[in-house]
Amino acid sequence: MEDNKITFESIDEYISQFSPEVQDKLKMIRTVIKEAAPDAEEKISYQMPTFAMHGNLVHFAAFKKHIGFYPAPRGIDAFKEELSVYKGAKGSVQFPLDQPLPFELISRIVQFRVAENIKKAEAKSKKK
């Protein structure tokens, strides 16, 4: 059985497949994440743009009517009230493409995840 699944080598390659309007939104999210987590590494994980620092921080992906943002369940729980205006699940939130993206909120969620991952990495290194 042949696997025709598209695989991406970079975030740039991922973004390039979308319409110019969606590309602009994805590029802005990427910029906001880079500013909130300047030491994070960019990669593709689960075929989605991902930022990692002591483990995965956040993923994001474009869909037909929304951009999915995946900051892990704790990232959602910590901002539950502010995210309540959006559809979401345990570890994800959907930002509709026809509405402005909440860049300031995205930045705060990423900063929260950075602090969380640093704390987890420090705790792990103390155990050794």
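Laboratory data are not the source of any read-out in this text; all were calculated from the coordinates shown. Note that the structure is predicted; figures quoted are calculated from it, not measured. Quick reminder, even Gly has a Cβ in these numbers, built from the backbone with ideal geometry, and neighbours come from all protein chains shown.
Below is a table of values for the structure above.
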quantity: Charge tally in the Cβ shell below 13 Å around Pro49, where Lys, Arg are +1 and Asp, Glu are -1, Pro49 excluded; calculated: 0
quantity: Three semi-axes of the equivalent ellipsoid, the chain, Cα gyration tensor, whole Å, largest first; calculated: 24, 19, 14
quantity: Amide H contacts under 5 Å for Leu57, placed H, 5+ residues apart; calculated: Phe51, Ala52
quantity: For the chain, the longest site-free run once GluC sites (Glu not before Pro) in DSSP loop states with at most 14 other Cβ atoms within 10 Å are removed; calculated: 10-128
quantity: Tyr86/Ser45 FRET efficiency (R0 30 Å; Cβ-Cβ; nearest 0.05); calculated: 0.85
quantity: Kirkwood Rh, angstrom, the stretch 37-106 [1 / mean 1/r, Cα pairs]; calculated: 12.6
quantity: Mean Cα-pair separation over length for the chain, i.e. relative contact order, pairs under 8 Å, 6 or more apart, %; calculated: 22
quantity: The stretch 74-128 versus the stretch 36-66: alpha-carbon centroid distance in Å; calculated: 12
quantity: Rounded tilt (10° steps) of 103-127 against the dominant C-alpha axis of the chain; calculated: 40
quantity: Straight-distance crosslink candidates among aspartates and glutamates, where the alpha carbon sits under 13 Å from Lys90 and sequence neighbours closer than 8 are dropped; calculated: Asp77
quantity: Proximal lysines to Lys25, defined as alpha-carbon separation beneath 22 angstrom and excluding residues fewer than eight positions away on the same chain; calculated: Lys34, Lys43, Lys64, Lys65, Lys87
quantity: Backbone HN-Hα couplings from phi across the stretch 76-85 [Karplus 6.51/-1.76/1.60, Hz, Gly and Pro as x]; calculated: 6, 4, 5, 10, 3, 5, 5, 7, 4, 7
quantity: Residues Phe8 and Lys120, FRET efficiency given R0 of 35 Å [Cβ-Cβ distance, rounded to 0.05]; calculated: 0.80
quantity: Qualifying aspartates and glutamates (Cα of each under 18 Å from Cα of Lys126; at least 8 residues distant if same chain); calculated: Glu116
quantity: Summed side-chain charge close to Glu9 - residues other than Glu9 whose Cβ falls under 13 Å, Lys, Arg +1, Asp, Glu -1; calculated: -2
quantity: Folded to 0 to 90 degrees: helix 20-36 orientation relative to the chain principal axis, Cα; calculated: 10
quantity: Theoretical gain in end-to-end length, Phe18 to Ser107 [0.36 nm per residue, Cα-Cα removed]; calculated: 29.7 nm
quantity: Amide H contacts of Ile67 (H built 1.01 Å from N, under 5 Å, at least 5 apart or other chain); calculated: Phe95, Leu97
quantity: Neighbour-limited loop hits for trypsin sites (Lys or Arg not before Pro), the stretch 4-68 (at most 16 other Cβ within 10 Å; DSSP other than H, G, I, E, B); calculated: Lys5, Lys64, Lys65
